[in-house]
Amino acid sequence: MKQFCVCILTLLVFTSGVFAKADFDSAAINTLDEVRIYGSHIAREIVPVQTLSGKELQKLSVHSVADAVRYFAGVQIKDYGGVGGLKTVNIRSMGSQHVGVFYDGVKLENAQNGIVDLGRFSLDNMDAISLYNGQKSSVFQSAKDFASASAIYLSTRIPRFEGNRNSNIKAKFKAGAFDLLNPAILWEHRINEALSYSFNAEYMNTSGRYRFKSKKKNGYDTTEVRSNGDVYALRIEQGLFGKIAGGDWKTKLYFYVSERGYPGAAVREEPGKFTHQDRQDDANIFIQTTLRKSIGSRYETQIVGKYGFDYLHYSSDPRIDVTTMYINNHYRQHEIYLSVANKIKLIDFWTANLSVDGQWNTLDADLVNFVYPQRYTGLAALASSLDFRRFKMQASVLGTFVRELTQIPAATAGDKKKLTPTIILSYLPWDNNKLNFRAFYKNIFRMPTFNDLYYTFIGNKNLKPEYTRQYNFGMTYDNRIKRRALKHVGFQIDVYYNEVTDKIVAMPTSNQFVWTMTNLGLVEIRGIDAFITTSWKIKNAVDLKTRFTYTFQKAQNFTNPNDFYYGHKIPYIPLHSGSVIIDGEYKTWDFNYSFIYTGERYNAAANIPINYTKPWYTSDFSVGKTFKLARKELKITLDVNNIFNQQYEVVLKYPMPGTNVFIKLNLNI
């Protein structure tokens, strides 16, 4: 596998060199390139949306996308310990598999377990992160965009050139706690007025070691060192961006390889010793292309294609770690995905879209009695939008058609067909457009993963799919103010009720790779998401922005009235949570303070004292200074995370780091 990765890496670097040699005389051409404009205002979209972008995103003291997503209302992150630990996202308590993660508009897939590890994705090349509840506001999208209960959209940087510049170079170096070394480079080149290229590479190496307090009967009183959290990771991305008459296209080639240890639960098997030695090697490669083109004034089409390959090697040795079983397994996934979307503007206020997607997934594994599943998925979405001056309405219906094949015909889970509708309403009561009311209903269908159905000794081919129903009512207010220090204020609040039928809950066993699956017949979720943003200009010198989020969430299990825990809250969902971001700039200085709070919760289905988990909070701070060096720009940033050295666990027995410090250097050429 390492030889294969080296070959791919060599190919990528060689391709970069080829484009570096291509030099077209475009100095005399003034081209208006595509620019994505992001603001701090509340987006007046007809579905709940939250966005972190631009400087606001880059200033956060975070390592990855998973760390940044924590600042969205309604989100719960499960973090299994430090830099190397698995990180999954759960939105409005509906489970990680109901969260669609889209990378430059194309969904990231993992047919094996349905979970995308957001810890793999760096912020180094990220323009914006957006979270949509329900689905995106636009009807012009692929069928797969309609197929999730909520979605996270990761938008990477599109090359932008000022004036007659034909190249941009950005270099970054980060070092500090956990023996972290994290260099990265971004190179963008304008080949001609219609074609540009980007190359981004990032390397990370860390021991993942940090001290934590070990709990005894009388509380936290023993200091231990978290081990086996080392990570080596290399990410390389190449992009081609083109313009055509009436549209544009882009192609992204992505390569990621890592070797890591999984720290495991901090459960002492021998006096003073935590042994966990689980190891995992990964390789992920995909190439995707998106083309958009308008034909006339009323028709627009989008074509998407993708091929992806995932390799995973997981090993565990009970001779080293007595808490686990012997595992030495290799997994390979292949994915082919095609999508065509067609938007027609029937009349000025009426738009319709028809999207058709096809996907093939397969999983190979060296497990005993493995059935080698294949899944053929067809998706078709018909959507329509009415847009009047104050009133907007969208309606869509998604058809999901799944065919399963296995080497042993009797082992297959069978075919599935399902139609799921969505309706969205929005109303502006006054002409000033400051206040907006909205509501939506969505029904969605999710197939169990390959692990759920076919994992040897654990999978259950008779496991039922999950069905969800979402009800949401909310409002937004956005006001820009003149002639005052307070320049902008906006808020968004949404009240929601969700039902998940036959909810599949996965919990880790003695190691992080083998999970046990259980069906909860009915889960009911009631909640409120709210956030407020403000922008200030103090004495025409200091720019200040604030962002406050709050979530109330009550997710209860109503499966069996005879169960002791009937009506109890499901594991790891706090009743109250929230965050604060304060971001300031003064001349060449900037600072950022961020705070996260997660309230009390339970770590098991029974809400009894022994399963009670305490609240936790963290405060992070960063300060940066920018230096102008001729035509270059150097920025030095100091990050201090968990400044009050809070001892906490997001997941029981997976202690998180105390105070940790990093320094970052960013050079723009």
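So in the range 576-592, with the set limited to residues that are hydroxyl-bearing (Ser, Thr, Tyr) and surrounded by 16 or more Cβ atoms within 10 Å (Cβ to Cβ), which one is farthest from residue 633 (Cα to Cα)?
577
Could you please let me know if residue 445 is under 24 Å from residue 137 (Cβ atoms) and touching a residue at least 40 places away in the same chain (Cβ under 8 Å)?
yes
If you scan the range 161-175, which residues turn out to be at pLDDT 90 or above and farther than 19 Å from residue 634 by Cα?
Within the range 161-175, 166 is the sole residue that qualifies.
Report, by residue number, each residue of the range 539-575 that is aliphatic (A, V, I, L, M), surrounded by fewer than 20 Cβ atoms within 10 Å (Cβ to Cβ) and closer than 27 Å to residue 495 by Cβ.
575
Scan the range 221-265 for residues that are at pLDDT below 90, farther than 20 Å from residue 206 by Cα and either assigned to a loop (DSSP other than H, G, I, E, B) or not hydroxyl-bearing (Ser, Thr, Tyr) (or both) and jot them down.
Listed by number, the list holds a single entry, 221.
Being more than 25 Å from residue 290 (Cα to Cα), of a type outside the set (A, V, I, L, M) and either touching a His at 6+ places or on another chain (Cβ under 9 Å) or surrounded by 15 or more Cβ atoms within 10 Å (Cβ to Cβ) (or both) is the filter here; which residues of the range 156-178 pass it?
Result: 170, 172, 174, 176, 178.
Suppose we keep only residues that are in a loop (DSSP other than H, G, I, E, B) and in contact with a Phe, Trp or Tyr (Cβ under 8 Å, 6 or more places away or on another chain) within the range 122-146. Which one would you say is farthest from residue 301 (Cα to Cα)?
Checked the range 122-146; the qualifying residue farthest from residue 301 (Cα to Cα) is 134.
Does residue 474 meet the test of being of a type outside the set (A, V, I, L, M, F, W, C), closer than 30 Å to residue 495 by Cα, surrounded by 15 or more Cβ atoms within 10 Å (Cβ to Cβ) and within 25 Å of the chain's Cα centre (by Cα)?
yes
Rundown of residues vs (1) assigned to a strand (DSSP E or B); (2) in contact (Cβ under 8 Å) with a residue 40 or more places away in the chain; (3) in contact with a Gly (Cβ under 8 Å, 6 or more places away or on another chain); (4) of a type in the set (Gly, Ala, Ser), yes/no style:
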site	(1), (2), (3), (4)
594	yes, yes, no, yes
597	yes, no, yes, no
606	no, yes, no, yes
618	yes, no, no, no
623	yes, no, no, no
636	yes, no, yes, no
646	no, no, yes, no
650	yes, yes, no, no
666	yes, yes, no, no
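Quick check on the range 101-149: of everything there that is among the aromatic types (Phe, Trp, Tyr) and touching a helix residue (DSSP H, G or I) at 6+ places or on another chain (Cβ under 8 Å), which residue is surrounded by the fewest Cβ atoms within 10 Å (Cβ to Cβ)?
102
On the basis of being surrounded by fewer than 15 Cβ atoms within 10 Å (Cβ to Cβ) and either touching a residue at least 12 places away in the same chain (Cβ under 8 Å) or of a type outside the set (D, E, K, R) (or both), does residue 438 make the cut?
Against the criterion (surrounded by fewer than 15 Cβ atoms within 10 Å (Cβ to Cβ) and either touching a residue at least 12 places away in the same chain (Cβ under 8 Å) or of a type outside the set (D, E, K, R) (or both)), residue 438 does not qualify.
The values are calculated or read from the model by the stated rules, or taken from the named source; none is laboratory data. Values in this document were obtained by computation on a predicted structure and should not be read as measured data. Cβ sites come from the backbone with ideal geometry, for glycine too, and all protein chains shown count toward neighbours.
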